[in-house]
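The values are calculated or read from the model by the stated rules, or taken from the named source; none is laboratory data. Note that the structure is a prediction, hence the values are computed from the model and not measured. Cβ atoms come from the backbone with ideal geometry, glycine included; neighbour counts cover every protein chain shown.
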Amino acid sequence: MNQKHKLIISIAIPLIILALPSSWIPLNNLTTIEHRLIAIFFLAALCWILEPIPTFATSVLIVVLELIMVSDKSFILFKPTSAVSTFGTLLNYREIMATFASPIIMLFLGGFFLAMAATKFQLDLNLARVLLKPFGKQPRLVLLGLMGITALFSMFMSNTASTAMMLAILVPVLHSFPETDRGKIAFVLGIPFAANIGGIGTPIGTPPNAIALKYLTGPNAISFGEWMSFAVPFVLVILLICWLMLLTFYKPQTPEIHLRIKSKFRKNWKAYTVYTTTVITILLWLFDFLHGMNAYIVAMIPVAVFLVTRIITADDLKKMSWDVLWLLAGGIALGLGLEQSGLAAHVIQEIPFATFSPYFIVFLATFITFLMANFMSHTATANLLLPLMGILGTTIPGLLPLGGDRMLILAVTFAASIAMSFPISTPPNAMAHAAGGLESKQMFGPGLIIGLFGLAGIYCLMYLLKLVHFL
């Protein structure tokens, strides 16, 4: 199927849904606003799955369509001509547009500034050089070191950026492996797998985490430090399993390998500013209970410092991953529409979830997430499913003793990040596939098994969090 056919399908199906009489859609008492949002939801889902247009363009399209079709400042033909009980409530246009400046967007922006400054002044490369020294020259230990450092970097910078940097270090080493040594496959796979797993460790590690924060508010809010307190141990366990699996599948035969990273810590005032600001920002994130500022406010500190000191310039800003921020904004806008229109709650009420075992609901939600995220963007999967999970967790009585929406949202978020069976599953996988000349089947076996171990780990983690009354 070419891009033209994908685009036709992505547009035609939502238009058909929009043209159908509301009575034909299997939801009782469907309002006009809900009907329109169903069409927008299907458009988003098809565009994110088939990708006939860039994923961030889909997000912008969601915002624009909501403004035109379901906001209180919508186009005149989309407004009710009189008081109609079945029309529904129009969304506030300011709230839709505010998704582009959501605190979650600012949190990720702060992370981007830290990552860009670290890369610009080679802080990441120098840390990699220092941290890899203790792992020696034995291939299995070097692999563990590479995976651990990649996971660490992915907690605070883009998974894609950390993968790119670590692959650049690794590529020269791959040439030293004999052609018959399958151990090099373990090294190529270890980098993207560690990046995907490591991103779970902090709220800024990967976009699905940021989307989850949108639904973890009020009494369910989770601070930066709290997130790391349970996510980092989970990352360490799954990372260790991943390392053992890769050694089982592709055990290196080469007795020694040598990583040569030529870099030195820079010693000028700008470099020291980057080092100091990075450390202070991370400490402020971890100890927010001492100073009272939340993670969103702390994230603006490196933005201000690096711009005022010209460490990040106008040219640097042009290279920022604005597409990721726009992708996040579209997901937030979609969630806003589903929630405030009542559509998400309406869908949950129509499906007899109350008759299901709460444990089965958690299992089903995570398994569906895992399947979807293997074939489409992790962020798009989270954008589509988390609004429903947020409502589901608060409306099903059986889920409340299990932690309600907190458990569902965390479980689904983690499940999205451990899906990495194919090159198309994540950008890090695609980069490793291209750089290492891998075959898809070489990634599928270990990726699937590690993902299934990850799902089991999620269930164990949720159980432990419930035991300690965190959920």
*Within the group LEU91, LEU152, LEU146, which residue is surrounded by 17 or more Cβ atoms within 10 Å (Cβ to Cβ) and either farther than 30 Å from PHE234 by Cα or not assigned by TED's automatic domain parsing to the domain that holds VAL305 (or both)?*
LEU91
*Breaking point among (1) assigned to a helix (DSSP H, G or I); (2) under 30 Å from LEU338 (Cα atoms), for GLY88*: (1)
_Options MET372, MET300; residue that is in contact with a helix residue (DSSP H, G or I) (Cβ under 7 Å, 6 or more places away or on another chain), modelled with pLDDT of 90 or more, outside the structural domain of GLU51 (by TED's automatic domain parsing) and surrounded by fewer than 18 Cβ atoms within 10 Å (Cβ to Cβ)_ = MET300
*From the list ILE62, ILE38, ILE68, which one is part of a helix (DSSP H, G or I), surrounded by 18 or more Cβ atoms within 10 Å (Cβ to Cβ), over 21 Å from the mean Cα position of the chain (by Cα) and not polar (S, T, N, Q)?*
ILE38
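Residue by residue, here is whether (1) touching a His at 6+ places or on another chain (Cβ under 9 Å); (2) of a type in the set (Gly, Ala, Ser); (3) at pLDDT 90 or above holds:
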| position | (1), (2), (3) |
| --- | --- |
| ILE104 | no, no, yes |
| GLY148 | no, yes, yes |
| LEU152 | no, no, yes |
| PRO178 | no, no, no |
*Tell me, please, whether a residue that is assigned to a helix (DSSP H, G or I), aromatic (Phe, Trp, Tyr) and touching a residue at least 40 places away in the same chain (Cβ under 8 Å) can be found in the stretch 119-134.*
no
*Residue list for the stretch 91-107, restricted to those being in a helix (DSSP H, G or I), touching a Gly at 6+ places or on another chain (Cβ under 9 Å) and of a type in the set (A, V, I, L, M, F, W, C)*: ILE96
*Out of (1) assigned to a helix (DSSP H, G or I); (2) not assigned by TED's automatic domain parsing to the domain that holds VAL308, what's the single condition that is false for GLY110?*
(2)
_Six or more apart or on different chains, Cβ atoms under 8 Å: show the pairs whose first residue is in the stretch 427-454 and closer than 17 Å to LEU247 by Cα and not assigned by TED's automatic domain parsing to the domain that holds ARG182 and whose second is among the small types (Gly, Ala, Ser) and part of a loop (DSSP other than H, G, I, E, B)._
MET443/SER421; PHE444/SER421; GLY447/SER421; GLY447/SER425; LEU448/SER421; GLY451/ALA419; GLY451/SER421
*For the stretch 356-385, how many residues meet the condition of being more than 21 Å from ASN429 (Cα to Cα) and under 13 Å from the mean Cα position of the chain (by Cα)?*
2
*Can you find even one residue in the stretch 186-205 that is modelled with pLDDT under 90 and either more than 23 Å from CYS460 (Cβ to Cβ) or not in a loop (DSSP other than H, G, I, E, B) (or both)?*
no
*If you check THR281 against the conditions, is it part of a helix (DSSP H, G or I) and of a type in the set (S, T, N, Q)?*
yes
*Out of (1) part of a loop (DSSP other than H, G, I, E, B); (2) modelled with pLDDT of 95 or more; (3) aromatic (Phe, Trp, Tyr), what's the single condition that is false for PHE234?*
(1)
_Could you tell me how many of the residues in the stretch 294-318 are of a type outside the set (Ser, Thr, Tyr), assigned to a loop (DSSP other than H, G, I, E, B) and over 19 Å from ILE204 (Cα atoms)?_
3
_Given the options ALA161, ALA168, name the one that is surrounded by fewer than 17 Cβ atoms within 10 Å (Cβ to Cβ), under 20 Å from LEU125 (Cβ atoms) and of a type outside the set (Ser, Thr, Tyr)._
ALA168
*Got at least one residue in the stretch 259-272 being within 30 Å of ALA380 (Cα to Cα), among the hydrophobic types (A, V, I, L, M, F, W, C) and outside the structural domain of ILE38 (by TED's automatic domain parsing)?*
no
*For ALA57, indicate whether it is under 21 Å from THR381 (Cβ atoms), of a type in the set (A, V, I, L, M) and surrounded by fewer than 17 Cβ atoms within 10 Å (Cβ to Cβ).*
yes
*Count of the stretch 428-450 residues which are more than 17 Å from PHE249 (Cβ to Cβ) and at pLDDT 90 or above*: 1
_Return the residues of the stretch 130-159 that are among the aromatic types (Phe, Trp, Tyr) and closer than 29 Å to PRO207 by Cβ; say none if nothing qualifies._
PHE153, PHE156
